[in-house]
Amino acid sequence: MDQSISFTLNGKPLTVATDPSRPLLEVLREDLDLTGTKYGCGESQCGACTVLVDGVAVRSCVRTVGSVTGKKITTIEGLSADGKLHPVQEAFLAEKAYQCGFCIPGMIMGLVGALQQKPVPGDAELLSGMHGHICRCCGYPNLVKAIRRAAAQARK
Amino acid sequence: MIMPDEPLPFIPSPEDEHQIIEPVEFDFGLRRRTFMQLVATGLAIAVAPWPTDAQEQKQQRRPDKSGGNNAPKSVWERIHIGKDGVVTVLTGKVEIGQGARGEFTQAAAEELRVPTEQIQVLMSDTGLVPNDGLTAGSGSTPRTVPAIRQAAAAAREALLELASKRWGVERTSVELSGGKITHTVTKRTFTFGELAQGEELPKTLEQATPSTAALTAVSDWKVMGTALPRPNARDIVTGTHRYSSDIKRADMLHGKVLRAPSYGAKLISVDVAPAKAMKDVIVVQDGSFTGVVAPTTARAQEALDAIAKTAKWDESPHPSSKEMYDHLRAHAAEAVPKNEFAEELAAAKKTLRATYHAAYIQHAPMETRAAVAEWKGDQLTVWTGTQNPFGNRSELAKALRIPESKVRVITPDTGGGFGGKHTGEAAIEAARLAQAAGKPVSLKWTRAEEFIWAYFRPAAVSDAEATLDAEGRLTSWHFITLNAGPSALETPYRSGKKLARSINCAPPPLRPGSYRALASTANNFARESFMDELAAAAGADPLEFRLAHLPSGRLRDVLEEAAKRFKWSERVKSKKKDIGLGLACGTEKGSYVAACVEVEIDRKQGKMIPRHVCEVFDCGPIINPDNLRAQVEGGIIMGLGGALREGMEFQNGRMLNASFSAYEVPRFRDLPELDLHMLKRTDVASAGAGETPIIVIAPAIGNAVFHATGVRLRELPLTLPEKMPS
Ligand code: FES
Ligand code: FES
């Protein structure tokens, strides 16, 4: 049964009418055409679908849309809404931390979430926090550089 | 000036005759009448078998040879220069993470002497671009880059010609640089845009042939050889790049396809009434195909679940992964040759025999198979992530029984392939669903579907046998590999007598297909492990033993360089407990690689932990050093997965580990210290680099485990025995 579900998406209040049990990921992609958030596994194993819910990085493939009622959601599209890249996006560009790029929006959102914590986590903690993200192109060396660059920026 | 050592064949050859392409057979329309009659009864419907046993049906099919041979005869088919001065390069190759888009930009910019920002590369749209064959076999660098350079160089000459004509001056007094044509005497200039006004430039380019103009020598490269970032990198980090799975069309619906519970299972009956009763759902049954279409994926899944419950299947026996190697041996498609080196065997100081195994593995690209299909009348357009857009077009035409001229396949830059996306099943499924729905349909395979129903890198059984004389020299080498395929089959080492043979298995237990480096990984694992065993038997150091059998040349060069950088000879002298050093080398697709590794043995956890990988790689002149490094690093780390953990497990036709939680691909924590070095040779042609770096990883690790523990591991993924010698 469809229900009206209201939340804030990338800074704008929004109401969708849909089945509340659908994954948030699917509603973002299919109903709201925010396709920057990706499907990689559907079971919280790869991180491709990562978005921020009230500032915390979550896997949108295992969150129902009904569960985000009243919450603030940020997707990759919301990071650079004003056309200016987020420092984490800049770090990925600077380190050329991409191959096919499919894992990248999720990686960026996961890292943005981690760097919003106070204090900013240390290197080891940050990297182990990223273990939940798979890059099947195995571009980890550049990803690690991008993570360190973004973290150094955040610690300033 | 033409490079003396760079013949630069213009006609792209078939990308690799070793590629394995086994499309799924669809049987649309064959039994439509029966189906209609049965639908009328409103009861459970008997349908024909779904082709789950596709892998049993065919011999290996070779890529369409025409695919590489109809390269453009005219420059205009490859290069357009717009009235705004923008240069458009057209290619049938696909960007799948390997960085081809950037390299093609560099190639065109180099020869046309224009800034890279003035170039756009239009890739893999069968309606617009030339057929450059598969994107596979590391073919983009050695074949497509030269083809683009030839066309761009010819365009450069045509522009110069045209400018001198317009000015009425000597051709030799006209120059092209920085995107401008200058008359050196009067300093008058033309931009590309100015020259492109009118019809003359397109006509000239149409008449120009790509093969006549001179190419820029490596020593004069200004754009090639630099680290140009990916032209669309910003779209990647902002999430605005649309992969096939992100394409949205007006009124688009979402599809799902009914899958068998196990390999080889045939559908006996399915009651589609529950799905039909859902107002917003369309059910499609055609031949052995059953699918549903709905406004959302969740709704389509609901409809599919409702009918999947009613499906009755006829399942057939299927070998399990535990008995797979025996199965392969028992199903060799031809007689396995006996070792006939009787003289060498009789005279040998030592004879060694060993068998090596490699498991089936899955590519598991981050983007699963996906397609959006849209019909306009009898015209079909499909956006799909594939390494083979023109091949997909043929598959679509065949399955849907329409001429190829009615099919257009567009491949947006795709979320990974690794050899795993040569066939077009998702495209065909989406097209059939869209045809029935009368609306565009998006179909995205789930991760489980990708693990189960995509094809696999074939498992391998390799039998190696060799003889040594009293001086520790190889006198004979006998190598038979079953089911893996023939890539990197021949040994590069000197031996008195040699025989190497690849034998297929029929039927193979799982649907086989290409993979990053194809059979090279399995064949090189067996060979390089066996070389280590032979070195031990000869009482020689693994490095010395190899060098004693390697003629001078590029392979020897990379091995020596890797050993030097790793300080092999010093480090191997002082042995530390549970720390092993191993090395391996190999060549494939015209490039050369060697690696030395340090591996720590964690006895408590039963784990091997690669601590340090030093790899030296030679692929000729480097077009983009950063991109090359990324490809090599990716290959090495992907190789760690296949070496240490990845292997499909199956029983009763069911995949037991079809998920990222059960099938563990490399993650951040698996990253060892990497020490990479590229030999920057300029006296040879550039070779592709996306594959070869992977082939030395598994044997180097296996050899390091032997060095640390004395235990020889002969199966991929490598597993320590439960009882380790102390
Ligand atoms: S798609 Fe959500 S974690 Fe993989
Ligand atoms: S860049 Fe391809 S999956 Fe990470």
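The values are calculated or read from the model by the stated rules, or taken from the named source; none is laboratory data. Just so it is clear, the model here is predicted, and its values are computed rather than measured. With ideal geometry, Cβ positions are generated from the backbone for all residues, glycine too; neighbour counts draw on all protein chains shown.
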Output for segment A:91-111, where each listed residue is within 16 Å of ligand 1 (Cβ to nearest atom) and either touching a Pro at 6+ places or on another chain (Cβ under 9 Å) or among the β-branched types (Val, Ile, Thr) (or both): A:100, A:102, A:104, A:108
Scan of segment A:26-39 for residues that are buried (at least 20 other Cβ atoms within 10 Å of the Cβ), of a type outside the set (Gly, Ala, Ser), in contact (Cβ under 8 Å) with a residue 12 or more places away in the chain and within 21 Å of residue A:86 (Cβ to Cβ), ordered by number: A:28, A:34, A:37, A:38
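Anything in segment B:675-703 that is among the acidic types (Asp, Glu), over 13 Å from residue B:614 (Cα atoms) and modelled with pLDDT of 95 or more? List them, or say none.
So the first thing to find is which residues in segment B:675-703 are among the acidic types (Asp, Glu), and the list is B:675, B:683, B:691.
Checking the rest, the ones that are also over 13 Å from residue B:614 (Cα atoms) come to B:683, B:691.
If the condition is that a residue be among the acidic types (Asp, Glu), over 13 Å from residue B:614 (Cα atoms) and modelled with pLDDT of 95 or more, then no residue fits.
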Complete set of residues in segment A:40-52 that are within 13 Å of ligand 1 (Cβ to nearest atom), crowded, with 18+ Cβ neighbours inside 10 Å and more than 8 Å from chain B (Cβ to nearest Cβ): A:47, A:49, A:50, A:51
Test: residue in segment B:534-548 that is crowded, with 22+ Cβ neighbours inside 10 Å, out of contact with any Gly (no Cβ under 9 Å at 6 or more places or on another chain), among the acidic types (Asp, Glu) and not in a loop (DSSP other than H, G, I, E, B): no
Lone qualifier among B:691, B:673 - being surrounded by fewer than 24 Cβ atoms within 10 Å (Cβ to Cβ), within 14 Å of another protein chain (Cβ to nearest Cβ) and under 27 Å from residue B:227 (Cβ atoms): B:673
Options B:527, B:611, B:571, B:603; residue that is surrounded by 24 or more Cβ atoms within 10 Å (Cβ to Cβ), farther than 25 Å from residue B:227 by Cβ and among the basic types (Lys, Arg): B:527
The one condition in (1) within 14 Å of chain A (Cβ to nearest Cβ); (2) farther than 22 Å from residue B:136 by Cβ; (3) small (Gly, Ala, Ser) that residue B:634 fails to fulfil: (2)
Residue check, residue B:651 under 19 Å from residue B:361 (Cβ atoms), surrounded by fewer than 24 Cβ atoms within 10 Å (Cβ to Cβ) and over 25 Å from the mean Cα position of the chain (by Cα): yes
Search result, residues across segment B:254-305 that are crowded, with 21+ Cβ neighbours inside 10 Å, more than 14 Å from chain A (Cβ to nearest Cβ) and hydroxyl-bearing (Ser, Thr, Tyr): B:263, B:288, B:290
Residue within segment B:669-677 that is without any contact (Cβ under 8 Å) to a residue 40 or more places away in the chain and closer than 30 Å to residue B:319 by Cβ present: no
Among the residues listed as A:33, A:2, the single one being within 25 Å of residue B:367 (Cβ to Cβ) and more than 16 Å from ligand 1 (Cβ to nearest atom): A:33
Qualifying residue in segment B:406-417 (condition: small (Gly, Ala, Ser), surrounded by fewer than 19 Cβ atoms within 10 Å (Cβ to Cβ) and farther than 17 Å from residue B:441 by Cα): no
Residue B:359 being away from ligand 1 (no atom under 16 Å from the Cβ), closer than 27 Å to residue B:646 by Cβ and surrounded by fewer than 23 Cβ atoms within 10 Å (Cβ to Cβ): yes
Tally of residues being in a loop (DSSP other than H, G, I, E, B) and within 28 Å of residue B:514 (Cα to Cα) across segment B:680-711: 10
Residues being assigned to a loop (DSSP other than H, G, I, E, B) and in contact with an Asp or Glu (Cβ under 9 Å, 6 or more places away or on another chain) - total across segment A:49-70: 3
Test result for residue B:133, surrounded by fewer than 23 Cβ atoms within 10 Å (Cβ to Cβ) and in contact with a helix residue (DSSP H, G or I) (Cβ under 6 Å, 6 or more places away or on another chain): no
Which numbered condition residue B:629 misses (of (1) surrounded by fewer than 23 Cβ atoms within 10 Å (Cβ to Cβ); (2) more than 16 Å from ligand 2 (Cβ to nearest atom); (3) within 18 Å of the chain's Cα centre (by Cα); (4) basic (Lys, Arg)): (2)
Positions within segment B:694-725 being touching a Lys or Arg at 6+ places or on another chain (Cβ under 8 Å) and surrounded by 24 or more Cβ atoms within 10 Å (Cβ to Cβ), in sequence order: B:694, B:699, B:702
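Kindly indicate whether residue A:65 is within 16 Å of ligand 1 (Cβ to nearest atom), more than 11 Å from every other protein chain (Cβ to nearest Cβ) and either under 15 Å from residue A:133 (Cβ atoms) or surrounded by 23 or more Cβ atoms within 10 Å (Cβ to Cβ) (or both).
no
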The one condition in (1) over 22 Å from residue A:117 (Cβ atoms); (2) surrounded by fewer than 18 Cβ atoms within 10 Å (Cβ to Cβ); (3) of a type in the set (D, E, K, R) that residue A:22 fails to fulfil: (2)
Residues (more than 8 Å from chain B (Cβ to nearest Cβ) and touching a helix residue (DSSP H, G or I) at 6+ places or on another chain (Cβ under 6 Å)) located in segment A:19-31: A:20, A:24, A:27
Evaluation of residue A:34 against (1) within 11 Å of chain B (Cβ to nearest Cβ); (2) among the hydrophobic types (A, V, I, L, M, F, W, C); (3) in contact with a Gly (Cβ under 7 Å, 6 or more places away or on another chain) (one fails), failing number: (3)
Selection status of residue B:225, at positive phi, in contact (Cβ under 8 Å) with a residue 24 or more places away in the chain, under 29 Å from the mean Cα position of the chain (by Cα) and more than 8 Å from chain A (Cβ to nearest Cβ): yes
Search result, residues across segment B:430-447 that are within 16 Å of ligand 1 (Cβ to nearest atom) and in contact with a strand residue (DSSP E or B) (Cβ under 8 Å, 6 or more places away or on another chain): B:444, B:445
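Could you list, in sequence order, all residues of segment B:84-122 that are assigned to a helix (DSSP H, G or I) and in contact (Cβ under 8 Å) with a residue 60 or more places away in the chain?
Here is the first cut: in segment B:84-122, the ones assigned to a helix (DSSP H, G or I) are B:100-112, B:116-118.
Within segment B:84-122, B:101, B:102, B:103, B:105, B:106, B:107, B:109, B:110, B:111, B:112, B:116, B:118 meet the criteria.
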Residue check for residue B:367: acidic (Asp, Glu) and either within 16 Å of ligand 2 (Cβ to nearest atom) or within 14 Å of chain A (Cβ to nearest Cβ) (or both): yes
Residue count, segment B:370-418 (criterion: in contact with a strand residue (DSSP E or B) (Cβ under 6 Å, 6 or more places away or on another chain) and within 13 Å of chain A (Cβ to nearest Cβ)): 4
